[in-house]
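Mind having a look at this structure? Questions to follow.
The values are calculated or read from the model by the stated rules, or taken from the named source; none is laboratory data. No experiment lies behind these values; they were computed from the predicted model shown. Neighbour counts are summed over all protein chains in view; Cβ atoms, including those assigned to glycine, are modelled from backbone coordinates with ideal geometry.
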Amino acid sequence: MRAHTVIFVVLSILALIAPWLGLYPVFLMKLLCFAMFACAFNLLLGYTKMLSFGHAAYFGSSAYVTGWLATVHGWGTVESILAGVAVAMLLGLVIGAIAVRRQGIYFAMITLALSQLVFFVCLQANFTGGENGLQGIPRGTLFGVMALGRDRTMYYFVLAAFVAVFVFIRRIVHSPFGQVLNAIRANEPRAISLGYKVDRYKLVAFVLSASLAGLAGSLKALVLGFVTLSDVSQGTSGEVILMTLLGGSGTFLGPVVGAILVVTLQEYLSDVVGAWVSVIIGGIFVVCVITFRRGFVGEIQRRFAPRAGELVKRAG
Amino acid sequence: MTAVFGVPLPAILGQLMLGLVNGSFYALLSLGLAVIFGLLGVVNFAHGAFYMLGAFAAYIGLQFLGVNYWCALLLAPLAVGLLGIVIERLFLRHLYQLDPLYGLLLTFGIALIAEGIMRGLFGASGKSYPVPESLQGGFNLGFMVLPIYRAWAVFASLTVCGLTWFLIERTRLGAMLRAATENARLVQAFGINVPLMVMTTYGAGVALAALAGVLAAPVTQVSPLMGSSLVIVVFAVVVIGGMGSIIGAIVSGLVLGMIEGLTKVIYPEASNIVVFVIMAMVLIWRPTGLFGRE
């Protein structure tokens, strides 16, 4: 427990001083956005064992809505983010309501197929800019006082949002609601026989995860100033799965570690190896699934704190 | 000239024919997917990649090795099927005891690798594969011209689908396969080599995908990404048809291909999404799929 606190304090300090360590702030913000996306995804995969294979749909559509409102209609920063999140939430509600009718592998296939539907709608709709995407999205000002144009200012805004989401997800997982999700993860038929309306719990978890993924997408649109089709594509859905799996699904820090690894890898490798980067990503997937299913953080927790893990299990 | 919904009849028939061609590829692919899932419990995300590899095997054979279409029709599925067997031995067999989600993730990674390698080697642009000489031209049916190659592609796919159905439902080998799908340990106890059967089944399912790729090569562009969006449509087809049924996979593949073709004439903007919309409606109405038993 003490080790845990130390890790979080060190990480918080690192996050606060990161822009002054010579790291490129836009890159750091991109990391935070994808880390938030992966944390949102982990709420489903890690704590409820629902593999959504189409999470880019919420990430990307929210990014599009935010970008479109901020650019074309001149909406304020907060309003366009909230609108984006609302769209992601609604989309999550509709797709979730259809997908939770099936479990496991079917759930994955259905979420994938419906996210492909969202992709094609984004490809053909007018407001998304089709193949070109949206460009020149202004960051605007926060509550009319804080201009977000400067990278370091924007960084602290994104960091604050990330911390809020991170704490929120921790709260959810440790709440009675989160305990029911855990029960569903461990043994769904048992949870049903205990009288829980499992589908409803799963849908709420799905909508929450979709909304937070949407928030990550909106922030990413503002940080980078553009949205493209790749943000709603199957590739992005795959990446968020890889981040969560590689870092450790079902752990709090795992998705963050995974996001840092995958985004850094892509950033630096795509210059060196070009198109071959997808071979490397695929290779990591294979290695991860065959030898490394707990992910980095999961393996570390198992090696260094097996007793603590057991205690938690017994107490739970 | 007759017209339906203000669209001339030949245009409708032409798109229906195209839809039938696509539908027969969906049928071949979803058939392989269903057989693999039945025995291995693995949803083979790499199915689209194997389809792509089949088409590329034919292309490479013709361009660099002088292998003609008819030989490719036999050799490409064989080569890609062997690759499938290697992948099953190296990776997939470690996952049978685990959650089926891991099989999906592993094959997703394999698909990324295969597509990445082909893109690295051949670039992202499409390559054209010529229609073999003996299948060029068309029949004039009076109301439309039917390209011979398309008729052949549909005929070949449906024949292979029929043979596969016969093999699984009507032969002793198929009976063993079905029994192993129900209870692999019991079948193993009767002295049947189940791991061998699992390996061969994966290879055969993959070979079916590659065969669809070879058949598709002359009617579509051969490109590294040709399978990646196709596999999602095939997933939707499988969800609609219900994973457990072979006839379901074949019929829903064909029908959805034709519906997609019709949508292209009536409301082209929706032709990419119509299968997914139908999937959503089927799920609301009948969550187990049209032919599913659960």
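Do any helices (runs of 4 or more DSSP H) lying entirely in the range A:1-76 carry at least 2 residues that are under 27 Å from A:Gln179 (Cβ atoms), modelled with pLDDT of 95 or more and aliphatic (A, V, I, L, M), and which ones are they? Outline the logic, then answer.
Values: elements: A:2-17, A:25-48, A:56-72.
By residue number, A:25-48.
Do we find a residue being within 14 Å of chain A (Cβ to nearest Cβ), in contact (Cβ under 8 Å) with a residue 40 or more places away in the chain and under 30 Å from B:Asn272 (Cα atoms) anywhere in the range B:209-223? So that I can check it myself, show each step before the final result.
Just the residues of the range B:209-223 that are within 14 Å of chain A (Cβ to nearest Cβ), to begin with: B:223.
Then keep just the ones that are in contact (Cβ under 8 Å) with a residue 40 or more places away in the chain; that gives B:223.
Then keep just the ones that are under 30 Å from B:Asn272 (Cα atoms); that gives B:223.
Yes.
Further, regarding this structure: Could you tell me which numbered condition A:Thr153 fails, if it satisfies all but one of (1) within 11 Å of chain B (Cβ to nearest Cβ); (2) within 30 Å of A:Leu16 (Cα to Cα); (3) surrounded by fewer than 23 Cβ atoms within 10 Å (Cβ to Cβ)?
Exception for A:Thr153: condition (1).
A further question on this structure: So which residues in the range B:140-155 are in contact with a helix residue (DSSP H, G or I) (Cβ under 6 Å, 6 or more places away or on another chain) and closer than 16 Å to B:Ile12 by Cβ, if there are any at all?
Just the residues of the range B:140-155 that are in contact with a helix residue (DSSP H, G or I) (Cβ under 6 Å, 6 or more places away or on another chain), to begin with: B:144, B:148-150, B:152-154.
Answer for the range B:140-155, where residues must be in contact with a helix residue (DSSP H, G or I) (Cβ under 6 Å, 6 or more places away or on another chain) and closer than 16 Å to B:Ile12 by Cβ: B:Met144, B:Arg150.
What helices (runs of 4 or more DSSP H) lie completely within the range B:225-294 and have 2 or more residues being among the aromatic types (Phe, Trp, Tyr)? Full working, then the answer.
On the way: elements: B:230-241, B:246-266, B:274-285.
Ranges flagged: B:274-285.
Please enumerate the residues belonging to the range A:279-292 that are at the interface with another protein chain (Cβ under 7 Å from one of its Cβ atoms) and in contact (Cβ under 8 Å) with a residue 24 or more places away in the chain.
Within the range A:279-292, the subset at the interface with another protein chain (Cβ under 7 Å from one of its Cβ atoms) is A:279, A:281-283, A:285-286, A:289-290.
Those that are at the interface with another protein chain (Cβ under 7 Å from one of its Cβ atoms) and in contact (Cβ under 8 Å) with a residue 24 or more places away in the chain: A:Ile281, A:Phe285, A:Val289.
Something else now. Only residues in the range A:46-57 that are within 10 Å of another protein chain (Cβ to nearest Cβ) count as the first member; pair them with residues that are in a loop (DSSP other than H, G, I, E, B) and among the hydroxyl-bearing types (Ser, Thr, Tyr), Cβ under 9 angstrom, at least 6 apart or cross-chain, and list the lot.
Going by the 9 Å Cβ cut-off, the qualifying pairs are A:Lys49/A:Ser249.
Could you identify the single residue in A:Gln103, A:Gln124 that is under 30 Å from A:Ile184 (Cα atoms) and within 14 Å of chain B (Cβ to nearest Cβ)?
A:Gln103
Can you list residue pairs whose Cβ atoms sit under 9 Å apart, with the first residue in the range A:1-29 being surrounded by 12 or more Cβ atoms within 10 Å (Cβ to Cβ) and the second being among the small types (Gly, Ala, Ser)? Count only pairs 6 or more apart in sequence or on different chains.
Correct list of pairs: A:His4/A:Ala305; A:His4/A:Ala308; A:Pro25/A:Ala18; A:Leu28/A:Ala15; A:Leu28/A:Ala18.
Moving on to the next point. Residue check: is A:Gly214 touching a Pro at 6+ places or on another chain (Cβ under 8 Å) and more than 14 Å from chain B (Cβ to nearest Cβ)?
No; evaluated as a whole, the condition is false for this residue.
Just to be sure before I move on: is B:Gly257 under 15 Å from the mean Cα position of the chain (by Cα) and buried (at least 20 other Cβ atoms within 10 Å of the Cβ) in the structure I sent? Lay out the reasoning, then the answer.
Working: under 15 Å from the mean Cα position of the chain (by Cα): yes; buried (at least 20 other Cβ atoms within 10 Å of the Cβ): yes.
Yes: the conditions hold for B:Gly257.
I would also like to ask the following. Name the pairs whose Cβ atoms lie under 7 Å apart, with the first residue in the range A:60-76 and under 15 Å from A:Ala86 (Cα atoms), the second aromatic (Phe, Trp, Tyr) and not in a helix (DSSP H, G or I), and 6 or more positions between them or separate chains?
That search, which allows pairs on different chains as well, returns A:Trp68/A:Phe127; A:Leu69/A:Trp75.
Checking the structure you have, find out if any residue of the range B:133-143 is among the hydroxyl-bearing types (Ser, Thr, Tyr), more than 14 Å from chain A (Cβ to nearest Cβ), in a helix (DSSP H, G or I) and in contact (Cβ under 8 Å) with a residue 24 or more places away in the chain.
no
Quick one: which of B:Val275, B:Val234, B:Val238 is touching a Ser or Thr at 6+ places or on another chain (Cβ under 8 Å), buried (at least 24 other Cβ atoms within 10 Å of the Cβ), farther than 24 Å from B:Val131 by Cα and at the interface with chain A (Cβ under 9 Å from one of its Cβ atoms)?
Matching residue, one of B:Val275, B:Val234, B:Val238: B:Val238.
Of all residues being closer than 21 Å to B:Gly126 by Cβ and crowded, with 22+ Cβ neighbours inside 10 Å in the range B:70-99, which is farthest from the other protein chains (Cβ to nearest Cβ)? Just the residue, please. Lay out the reasoning, then the answer.
Within the range B:70-99, the subset closer than 21 Å to B:Gly126 by Cβ is B:72-73, B:76, B:80.
Filter once more, so that each one left must be crowded, with 22+ Cβ neighbours inside 10 Å: B:72, B:76, B:80.
Values: B:Ala72: 25, B:Ala76: 22, B:Val80: 17 Å.
That would be B:Ala72.
So, of the residues in the range B:39-67 that are over 17 Å from the mean Cα position of the chain (by Cα) and not in a helix (DSSP H, G or I), which turns out to be surrounded by the fewest Cβ atoms within 10 Å (Cβ to Cβ)?
So the first thing to find is which residues in the range B:39-67 are over 17 Å from the mean Cα position of the chain (by Cα), and the list is B:39-41, B:59-67.
After this cut, where a residue has to be not in a helix (DSSP H, G or I) as well, the list is B:41, B:66-67.
Numbers: B:Gly41: 18, B:Gly66: 8, B:Val67: 18.
Checked the range B:39-67; the qualifying residue surrounded by the fewest Cβ atoms within 10 Å (Cβ to Cβ) is B:Gly66.
Condition (residue is more than 11 Å from every other protein chain (Cβ to nearest Cβ), surrounded by 24 or more Cβ atoms within 10 Å (Cβ to Cβ), within 30 Å of B:Tyr102 (Cβ to Cβ) and in contact with a Lys or Arg (Cβ under 8 Å, 6 or more places away or on another chain)) applied to the range A:71-94: is it met by at least one residue?
No, the range A:71-94 contains no residue that is more than 11 Å from every other protein chain (Cβ to nearest Cβ), surrounded by 24 or more Cβ atoms within 10 Å (Cβ to Cβ), within 30 Å of B:Tyr102 (Cβ to Cβ) and in contact with a Lys or Arg (Cβ under 8 Å, 6 or more places away or on another chain).
Can you find a residue in the range A:20-27 that is among the hydrophobic types (A, V, I, L, M, F, W, C) and within 14 Å of chain B (Cβ to nearest Cβ)?
Within the range A:20-27, none of the residues are among the hydrophobic types (A, V, I, L, M, F, W, C) and within 14 Å of chain B (Cβ to nearest Cβ).
Right, something else. Inspect all residues belonging to the range A:144-167 and state whether any of them is more than 29 Å from A:Gly76 (Cα to Cα) and of a type outside the set (A, V, I, L, M, F, W, C).
Taking every residue of the range A:144-167 in turn, none turns out to be more than 29 Å from A:Gly76 (Cα to Cα) and of a type outside the set (A, V, I, L, M, F, W, C).
Does B:Ala124 satisfy the criteria of being under 14 Å from B:Ser223 (Cα atoms), within 10 Å of chain A (Cβ to nearest Cβ) and surrounded by 14 or more Cβ atoms within 10 Å (Cβ to Cβ)?
So B:Ala124 fails the test.
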